[in-house]
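Below: one structure, written as structure tokens.
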Amino acid sequence: MNKWRRKRSIMMRYDLTAHMYDQRYAEEQEAKYKAGLEVLAVAPTGLILDVGCGSGLFFPHVADNAEALVGVDISRQLLIQAKNRARSFSNIFVVCADADHLPLRQGLFSFIFAFTLIQNMPAPSVTLKEIAQIGNHHACFVVTALKRAVDLETLSVWLRHSGLCAISLRDDELLKCNVVVAVKA
Ligand SMILES: C[S@@+](CC[C@H](N)C(=O)[O-])C[C@H]1O[C@@H](n2cnc3c(N)ncnc32)[C@H](O)[C@@H]1O
């Protein structure tokens, strides 16, 4: 399957199941957010990006301290939910875009989160490279990947190939994802 076909089929799958996303995954994702923020060890501030934001479940965890929070996703149906969630805040913006082609200025964001996105992407290192470019020099990146799809070694290689360097990680047996914090190499 070529890259765009694969992306389109993933997008359609999320569009079709968007109405039950929160019910199915909220608990699982909340555990990952908790782990990601613990591993990060500082409260995210400034400009924050949530790539593959889905229905915006992560937004309330960081919006209060953010100068602005941008959520990007390819699924319009999930983004409708994310937009509704963002209504309680004045600093959240949602954008429908492919994570490999982010319509955002490079070197701008201080904290970038990608929860359970990367194993969906046809060329994860390419995606991570795009994500890396959006971060400023001191940016922190929190990336999680489903354990059943990607082992930690592979995730570290993807990060290295994209110019990122893992500085801490969490492999908690209760989580379905490995959680990595990375900075620019
Ligand atoms: C497992 S969900 C995780 C959603 C969200 N991060 C969360 O914590 O609930 C994966 C998300 O990645 C999005 N996604 C998949 N392929 C994408 C792409 N090429 N560009 C942007 N988002 C994508 C899906 O639409 C979906 O919202």
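No lab work stands behind these numbers, since they all come straight from the coordinates. Remember, predicted model here, so these are calculated numbers, not experimental data. Methodologically, a virtual Cβ is constructed for each residue, glycine included, from the backbone with ideal geometry; neighbour enumeration extends over all protein chains shown.
Here are some notes:
- Residues of type aspartates and glutamates that Lys184 reaches as a straight line, Cα spacing below 15 Å, ignoring anything fewer than 8 places off in the same chain: Glu130
- Alpha-carbon Debye profile of the range 7-72, log10 I(q)/I(0) at 0.14, 0.21, 0.25 Å⁻¹: -0.48, -0.94, -1.15
- Cα-centred dipole magnitude for the range 3-184, charges only on beta-carbon of K, R (+1) and D, E (-1), debye, nearest 20: 640
- When you restrict to C-alpha pairs under 8 Å that are six or more residues apart and normalise by the size of the range 91-185, the relative contact order lands at 28 percent.
- As a proxy for reagent exposure, ranking Met121, Met11 by other Cβ atoms within 10 Å from fewest up yields Met11, Met121.
- Remark on Cys177: its backbone amide H falls under 5 Å from those of Lys147, a criterion applied only to residues 5 or more positions apart or on other chains, H modelled at 1.01 Å from N.
- Out-of-range pairs (alpha-carbon distance over 22 Å; input Lys83/Lys176; Lys7/Lys129; Lys3/Lys32; Lys34/Lys176): Lys83/Lys176; Lys3/Lys32
- Quotient of Cα Rg and 2.2 N^0.38 Å for the chain, N being how many residues it contains: 0.93
- Amide proton proximity set for Ile92, modelled H, under 5 Å, gap of 5+: Leu69
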